[in-house]
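The values are calculated or read from the model by the stated rules, or taken from the named source; none is laboratory data. This one's a predicted model, so the numbers in the text were calculated from it and none came from an experiment. FYI the Cβ positions are ideal-geometry reconstructions off the backbone, even for glycines, and counts take in every protein chain you see.
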Amino acid sequence: MGCGSSTTTVDYSLKKSERAMKAAILIQRWYRRYTAHLEVRRRCTWTIFQSIEYSGEQDQIKVRTLQKMELKGMMFEKEINEEMELEKYYDFENIHLSEGYKGPHLCFPLTASHAAALVEAFRHKQHLHARYVLQLLLETWKLLKLMPNINRVSTCYNKEITVCGDLKICPSWHNGLPSVEKPYIFNGDYVDRGKDSIEILMILFAFLLVYPNQVHLNRGNHEDYIVNLRYGFTKEVMQKYKVHGKKILRLLQIVFSWLPLATIIDQKILIIHGGISRSTDLDVIATIDRHKYVSAVKQPKRRKTTRQGQRQPGECCCGINRNDSSPVPSTYRSGSDSRPLNSISKGVRLSVDKELERCRKQVGLSDDTRVSLLLSESDTEQYEASELENAEWKQVVDILWSDPVNQEGCIPNVVRGGGCYFGPDVTKEVLEKHNFQLLIRSHECKQDGYEFCHNRKVLTIFSASNYYEEGSNRGAYVRMGPDLIPHFVQYQSSKTTRKLTMRQRVSRVERSAIRDLREQLFAHRCDLLRAFEQCDKTKKGKISLNDWANTVESVMQLGLPWRILRSQLVPNTTDGHIDYQAWFEHLAIEQPIKETPQSSSLLETLYRNRSNLETIFRLIDSDSSGLISFEEFRQTWKLLSSHLNTEISDQAISDLARSIDFNKDGNIDINEFMEAFRLVDRNPS
Amino acid sequence: MAEEREIAEAMISEIHKKITDAFDVFDHEYNKTVDVREIGTIIRSLGCCPSEGELHDILAEIEDEEPTGYINFDRFLPTMTKVLMERRYRPIPEDVLLQAFEVLDQEKKGYLMPEQLTKFMSEEGEPFTQEEMEEMLSAAVDPDKNVILYKDYVTMMAVEAP
């Protein structure tokens, strides 16, 4: 029914078509406003996820400054150095398959059909026996040891090479399985986040063994046992492998440390997981003993250590000197306020040795050797790192953790806590120095699966679709032939998302982000309340929207557009003011235990530090049984509370323990505990 | 008198902050500039509902004499502040929107066929792109009856006031 072409009267028809046109414009105006609104929501959602994820990574590195973890890590390195012992130690020959094991069988040397069968088996959700896992890992280790730090690959046989980054979530292989005709480069981050990380690794390693010249694996920052403790891979392995889990994890750490650091195609394209810094020098990288750097998160000790191995105050483990109080230029961070370095980590700035002294006194360290091994300061065998080792370590960290930004220059990557932010000038310099034409990296999730920057000299490729939530992003991989022109394939793995409208997709992802954000806000309730009260001059329990936004940002420091998000977070406002007490109640979730004045600070500490808590639990659980004793539980809380400068009474801890149904005779199941405190949305929207 | 001025100043300050927040969401390089193609989205996200023509007028005011493809915050802020203070380009009330649909539905059926809406939106007024049309249809068309029940559609799409 277009413009009515009635010819009864000219006037009428004119009027009619004019009305139709006006109606059309009205609807178009309105619709465009609607989609703009949607677009902004989508961007905000994105920013929320990223802020929370990156600040989690930063937290991770902060917690690492606790010296006990360093000691544990050092013990581990010594074991690694005794390679000859390894095969005897892992002794997979004596692990017998249980009767009725229906999973896949592997025999070595692996063939292509074994590897393909493995892919099928996992597709059918089968489980690979620990014996085969260990065997596969051992063979992988033997192969990786022979490889240089930098793999050089060529397209001279007219082959197209496919590059994938950040697999994490099980790939569907619609590009085809790796083969002689189909070479692949996998750019790190194979684990954490998804539920099938170990399976992904098994498949990648299997193909590596079958096609060692066509499959190339770079190390990512998540191929690191410390990061795995935090982000879920350790938990996954323990859950799936229980008794053998610990062995598998230890062998994995060795295998990870032997993963090559970089791949170069045709001497023109550099592929690394994170990024570069001004000091990145491939010649240096080519010569280091990469397996010494079991975890990029743990810095080798500096030369000038005191008798007791105490570290100089102000330094933290990423080589970023946090005593430097010069603010990070605001242009590097989103949000209009510049965020000075020294406000980011108040806890870290306390001298670690002072902390530990207090902790030990408070906890009343017993003679229990297991605990004292973790917390002891004395160390008969100091590992003193040389200047050279520190320089090498920095090369590794930069490669695994850096991110490109649009500003020129090279500054420490404070959001991640390691590596750098590097600008287009750094890219130009480093690429020119080595005669490269392109840098391919991963490490950051991209909406469309890939993104160019720095004048198309840097390409980020991210292959895990729906990374944050169903519908959040597409994944992509890139294919290149001898012409080295990249061709991209994007995908979004879900049958249902195709049918969802953009509105539904945005809503779903947004709900997830808002939920995460609400959790964060709730975890900082006390600080927020204090700040609101300071702001509320009339003491009526209300503050203006403007003050609300400013206060929330000053407490949360997430650099988010709070005014835009406000309608999602605060349901009721009365003439431009928010009743903040009512708001906290609205934010509140179903709490598993009744909140009393004593327990409220404990609860808050719990929510805010849930990840850190879990990390510490798992470290304490040195036999990886998934259980810790009540005493260890109590000590963990004490340690955490003193490290964070909050008061948590013994009574509160006992109440907490009693209120949860611990059915394992004096032991606490870590998983049960963490599950019990997963926040439940009282008002599912 | 002073109090009134204080209130006015506070209101302007609040408006400035709102504009800054919205601008920052699109300021990818953190240098207080945005791509000119995002200006429409930013303005609309601040609660305004201009037509494409009105957008062009605003752009003419804020773009540099030699357009660079980027808009500077310094030029955006004063213009946008005025727009908000004068409450220009107010959103369309639901009932007016409904009337617009009814104009298109000449036979007063209470619904529109997808082809009808497509023809209108792609040929009349400030025409939709194919992408816009597809997006609108994907949400507007009732999957069972394959028609657009515009009354329900309008209700469903109600946007919260910022």
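Looking at the range A:160-202 only, could you name the residues that are in contact (Cβ under 8 Å) with a residue 40 or more places away in the chain, more than 22 Å from the chain's Cα centre (by Cα) and not in a loop (DSSP other than H, G, I, E, B)?
Hits for the range A:160-202 are A:161, A:162, A:179.
Would a scan of the range A:178-193 turn up a residue that is modelled with pLDDT of 85 or more and over 23 Å from residue A:492 (Cα atoms)?
No: the range A:178-193 contains no residue that is modelled with pLDDT of 85 or more and over 23 Å from residue A:492 (Cα atoms).
Based on what the data block shows, is residue A:19 facing another protein chain (nearest Cβ under 7 Å), modelled with pLDDT of 85 or more and surrounded by 15 or more Cβ atoms within 10 Å (Cβ to Cβ)? I'd like the intermediate steps shown before the answer.
Details: facing another protein chain (nearest Cβ under 7 Å): yes; modelled with pLDDT of 85 or more: no; surrounded by 15 or more Cβ atoms within 10 Å (Cβ to Cβ): yes.
Answer is no for this residue.
Filter the range B:120-134 for residues that are surrounded by 17 or more Cβ atoms within 10 Å (Cβ to Cβ) and out of contact with any Ser or Thr (no Cβ under 9 Å at 6 or more places or on another chain); which is farthest from residue A:20 (Cα to Cα)?
So the residue we want is B:121.
Restricting attention to the range B:97-118, and to residues there that are free of Cβ contacts under 8 Å to residues at least 12 places away in the same chain and facing chain A (nearest Cβ under 7 Å), which single residue is nearest to the chain's Cα centre (by Cα)?
Applying the filter and picking the extreme gives B:100.
Quick one: which of B:80, B:121, B:85 is modelled with pLDDT of 85 or more and within 8 Å of another protein chain (Cβ to nearest Cβ)? It would help to see each step written out before you state the result.
Working: B:80 fails: within 8 Å of another protein chain (Cβ to nearest Cβ); B:85 fails: within 8 Å of another protein chain (Cβ to nearest Cβ).
Exactly one residue qualifies, and that residue is B:121.
Output the qualifying pairs, or none if there are none: Cβ atoms under 7 angstrom, residues six or more apart or on different chains, first residue in the range B:22-33 and hydroxyl-bearing (Ser, Thr, Tyr), second residue crowded, with 19+ Cβ neighbours inside 10 Å and part of a helix (DSSP H, G or I).
Here the result reads B:30/A:332, each pair linking the range B:22-33 to a residue that is crowded, with 19+ Cβ neighbours inside 10 Å and part of a helix (DSSP H, G or I).
Restricting attention to the range A:511-563, which residues are of a type in the set (Phe, Trp, Tyr) and more than 14 Å from every other protein chain (Cβ to nearest Cβ)?
Of the range A:511-563, the ones of a type in the set (Phe, Trp, Tyr) are A:522, A:532, A:548, A:562.
Within the range A:511-563, A:522, A:532 qualify.
Which pairs turn up if I take residues in the range A:438-464 that are of a type in the set (Val, Ile, Thr) and look for partners that are part of a loop (DSSP other than H, G, I, E, B) with beta carbon separation below 6 Å, at least 6 apart in sequence or on another chain?
A:460/A:444; A:460/A:446; A:461/A:165; A:461/A:442
Return the pairs, sorted by first residue and then second, in which the second residue is at pLDDT below 75 and among the polar types (S, T, N, Q), the first residue lies in the range A:288-305 and is part of a loop (DSSP other than H, G, I, E, B), the beta carbons are less than 9 Å apart, and the residues are 6+ apart or on different chains.
A:297/A:60; A:300/A:386; A:301/A:382; A:302/A:312; A:303/A:386; A:304/A:312; A:305/A:312; A:305/A:382
Scanning for something in contact (Cβ under 8 Å) with a residue 40 or more places away in the chain and among the small types (Gly, Ala, Ser), does the range A:119-126 turn up at least one residue?
no
Which one is surrounded by the fewest Cβ atoms within 10 Å (Cβ to Cβ), of the residues in the range B:2-50 that are acidic (Asp, Glu) and within 11 Å of chain A (Cβ to nearest Cβ)?
Quick first cut of the range B:2-50, residues acidic (Asp, Glu) only: B:3-4, B:6, B:9, B:14, B:21, B:24, B:27, B:29, B:35, B:38.
Cutting the leftovers down to within 11 Å of chain A (Cβ to nearest Cβ) gives us B:14, B:21, B:24, B:27, B:29, B:38.
On the way: B:14: 18, B:21: 23, B:24: 22, B:27: 20, B:29: 14, B:38: 21.
Of everything passing the filter in the range B:2-50, B:29 is surrounded by the fewest Cβ atoms within 10 Å (Cβ to Cβ).
Spot the failing condition for residue B:141; the list is (1) farther than 17 Å from residue A:25 by Cα; (2) more than 8 Å from chain A (Cβ to nearest Cβ); (3) touching a Ser or Thr at 6+ places or on another chain (Cβ under 9 Å), and only one is missed.
The failed condition is (3).
Yes or no: residue A:249 aliphatic (A, V, I, L, M) and farther than 19 Å from residue A:274 by Cβ?
Spelling it out, residue A:249 is indeed aliphatic (A, V, I, L, M) and farther than 19 Å from residue A:274 by Cβ.
Quick one: in the range A:460-483, of everything that is of a type outside the set (Gly, Ala, Ser), within 24 Å of residue A:183 (Cβ to Cβ) and under 20 Å from the mean Cα position of the chain (by Cα), which residue is modelled with the lowest pLDDT?
A:474
Looking only at the range A:101-123, count how many residues are surrounded by 15 or more Cβ atoms within 10 Å (Cβ to Cβ) and among the basic types (Lys, Arg).
The total comes to 0.
Looking at (1) under 30 Å from residue A:261 (Cα atoms); (2) buried (at least 18 other Cβ atoms within 10 Å of the Cβ); (3) modelled with pLDDT under 75, which one does residue A:493 not meet, given that it meets all the others?
The failed condition is (2).
So, residue A:215, is that one crowded, with 19+ Cβ neighbours inside 10 Å, in contact (Cβ under 8 Å) with a residue 40 or more places away in the chain, aliphatic (A, V, I, L, M) and in contact with a helix residue (DSSP H, G or I) (Cβ under 9 Å, 6 or more places away or on another chain) or not?
no
So, of the residues in the range A:279-289 that are crowded, with 16+ Cβ neighbours inside 10 Å and touching an Asp or Glu at 6+ places or on another chain (Cβ under 9 Å), which turns out to be farthest from residue A:404 (Cα to Cα)?
A:288
Restricting to the range B:79-116, what's the tally of residues that are under 30 Å from residue B:60 (Cβ atoms) and either aliphatic (A, V, I, L, M) or buried (at least 19 other Cβ atoms within 10 Å of the Cβ) (or both)? Explain how you work it out, then say what you get.
Looking only at the range B:79-116, we keep the residues that are under 30 Å from residue B:60 (Cβ atoms), and these are B:79-93, B:96-97, B:100.
Okay, now just the ones that are also either aliphatic (A, V, I, L, M) or buried (at least 19 other Cβ atoms within 10 Å of the Cβ) (or both), so B:80, B:83-85, B:89, B:92, B:96-97, B:100.
Summing the residues that are under 30 Å from residue B:60 (Cβ atoms) and either aliphatic (A, V, I, L, M) or buried (at least 19 other Cβ atoms within 10 Å of the Cβ) (or both) in the range B:79-116 gives 9.
Has the range A:580-589 got any residue that is under 21 Å from the mean Cα position of the chain (by Cα) and modelled with pLDDT of 60 or more?
No, every residue in the range A:580-589 fails to be under 21 Å from the mean Cα position of the chain (by Cα) and modelled with pLDDT of 60 or more.
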